[in-house]
Structures are given as structure tokens and as C-alpha cells.
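A short write-up of the structure that comes next.
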Amino acid sequence: SQQGEEDPQALSIQEGENATMNCSYKTSINNLQWYRQNSGRGLVHLILIRSNEREKHSGRLRVTLDTSKKSSSLLITASRAADTASYFCATRGSGYSTLTFGKGTMLLVSP
Amino acid sequence: EAQVTQNPRYLITVTGKKLTVTCSQNMNHEYMSWYRQDPGLGLRQIYYSMNVEVTDKGDVPEGYKVSRKEKRNFPLILESPSPNQTSLYFCASSLLSGGAQSSTDTQYFGPGTRLTVL
């Protein structure tokens, strides 16, 4: 069953601006992960946040998790044209159940 | 180089002709899985395996089979492909050690197989 839902579906910004994407989910999770996909290629893992964590940073990425609202956000600071891609959140449920992906946010960063 | 490989990368076939998409990883990962990606639907998990000889259905297993006879390989089998299985398929693998609370719960994806069933 589809769990994560990203918002917005598409986002267009200028280089140097920040990009924020949101993910909402329905049931309890063990962790939430963000992945990036360049046009039809394999997904690349960006960052993982566990259910007992509230915020995590990795380079220009900042992820927050609010388990009470069942939502997460991914912030990319100082965006570059090379950040143009689709971004997916994925949730891992209890035990080691299926990893469920959302439908993704398409980010376009214009020079 | 640590990687997940898939073959073939592109395949055009006809309805009913059995096919196999291979997946291999060289990272000694216990967990392997198959996804399909369709426009507007995102990625949906087909099957997954937590170890050799252990496989489980994902969200959309109908029309697919898998096997896990060796740790490194996880082929996807379409016994009688139909046009609604036209899709982009991804294989992925990850470590299981530490469980879902571990920071190692990271999926490594293959490059994808674009399948068209006529």
C-alpha cells in the first residue's frame, strides 16, 4: 500500500534558493528515508532519519521528522542546477517490513 | 566497485513469452528487492528477500516470481508477461544487520530495466 505522499508534486526554483519538500505518511514507522532519482536512473539514497530522531543534517540537506503529525520535510539549501531530479520519501514500518515509496517531487533548479 | 547490476537494461517482448531479469549485488547484502516504477504511481515493491531461500510478496506481486538461491542474485521472472507489466524495473539491496532502526538501512539501487510488453 502506498504510504508516503510527497508535496508538492513539482517545484521550480532558481539556483541559490532553498527547496523544501514534504512527505506525509499514514502508519507508524521505524525510519523514513529520502532518495533522489535523475531522469529514469536508479535511485540514490540521500539521508535516513529514525523514528526517535527529530532532525538530521547532511551537507546541504536537512531532514525533519514529526511523528505526531506523521510528516517529514527535506530542505535543500543553496540549490544548484545539478540538484534537478525527482525526490522520493520512503517509509520502513515495523520489523523489517516493506519499504514504501511515495510518488515523488520533481525539482527543477534553473541557472 | 560496490554495485547492483541488472540485465538486460532494455527489453521489448511479446505477450506470453517468459522472461527473466537478472539482478546481482557484490556487497554481501542480505536484503534484496524488486520495484516497478510507473508514471504517476511512483515505486511499488514487487517482492523482497531477507536471505537465501526467504522471499516475500510486496505490494504488487501478481504476475511475477522470484527466487533467491544465492545471496548475491535475485532474478525476477515473468512467466507470461502482459502489456500491463510494461514498466521500469529496479532491483535494490541493503544490509539487514542492525535492523530498521539502524542507520545502515540504506537501499542500493540498480540502474533499472525498461521493459515493454507488446
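List the strands (runs of 3 or more DSSP E) inside the stretch A:41-111, counting only whole elements, that have at least 3 residues being within 14 Å of chain B (Cβ to nearest Cβ) and open to solvent by 40 Å² or more (accessible area, probe 1.4 Å).
Output list reads A:43-50, A:55-58.
With a cut-off of at least 2 residues that are crowded, with 16+ Cβ neighbours inside 10 Å and either more than 11 Å from chain A (Cβ to nearest Cβ) or of a type in the set (A, V, I, L, M) (or both), name the strands (runs of 3 or more DSSP E) lying wholly within the stretch B:20-102.
B:31-38, B:42-51, B:76-78, B:87-94
Residue check: is B:Tyr10 more than 14 Å from the chain's Cα centre (by Cα), among the aromatic types (Phe, Trp, Tyr) and open to solvent by 20 Å² or more (accessible area, probe 1.4 Å)?
yes
Taking into account only those residues within the stretch A:21-40 that are open to solvent by 70 Å² or more (accessible area, probe 1.4 Å) and either of a type in the set (A, V, I, L, M) or within 20 Å of A:Thr91 (Cβ to Cβ) (or both), which is nearest to the other protein chains (Cβ to nearest Cβ)?
A:Ser28
Could you list, ordered by first residue, the pairs with Cβ atoms under 8 Å in which the first is in the stretch B:23-44 and without any contact (Cβ under 8 Å) to a residue 24 or more places away in the chain and the second is open to solvent by less than 50 Å² (accessible area, probe 1.4 Å) and among the aromatic types (Phe, Trp, Tyr), at least 6 apart or interchain?
Between residues of the stretch B:23-44 that are without any contact (Cβ under 8 Å) to a residue 24 or more places away in the chain and residues that are open to solvent by less than 50 Å² (accessible area, probe 1.4 Å) and among the aromatic types (Phe, Trp, Tyr), the close pairs are B:Gly42/A:Phe88; B:Gly42/A:Phe101; B:Arg44/A:Phe101; B:Arg44/B:Tyr35.
Taking the condition of being touching a Ser or Thr at 6+ places or on another chain (Cβ under 7 Å), part of a loop (DSSP other than H, G, I, E, B) and not charged (D, E, K, R), how many residues in the stretch B:1-19 meet it?
Number of matching residues: 3.
Can you name every residue in the stretch A:1-20 that is within 12 Å of another protein chain (Cβ to nearest Cβ) and part of a loop (DSSP other than H, G, I, E, B)?
Result: A:Ser1, A:Gln2, A:Gln3, A:Gly4, A:Gln9.
The values are calculated or read from the model by the stated rules, or taken from the named source; none is laboratory data. Not measured: the values here are computed from a predicted model. Positions of Cβ are backbone-derived with ideal geometry, glycine not excepted, and every protein chain shown enters the neighbour counts. Side chains included, ligands, DNA and RNA excluded: accessible areas come from the protein's heavy atoms. Shrake-Rupley method; radii C 1.70, N 1.55, O 1.52, S 1.80 Å.
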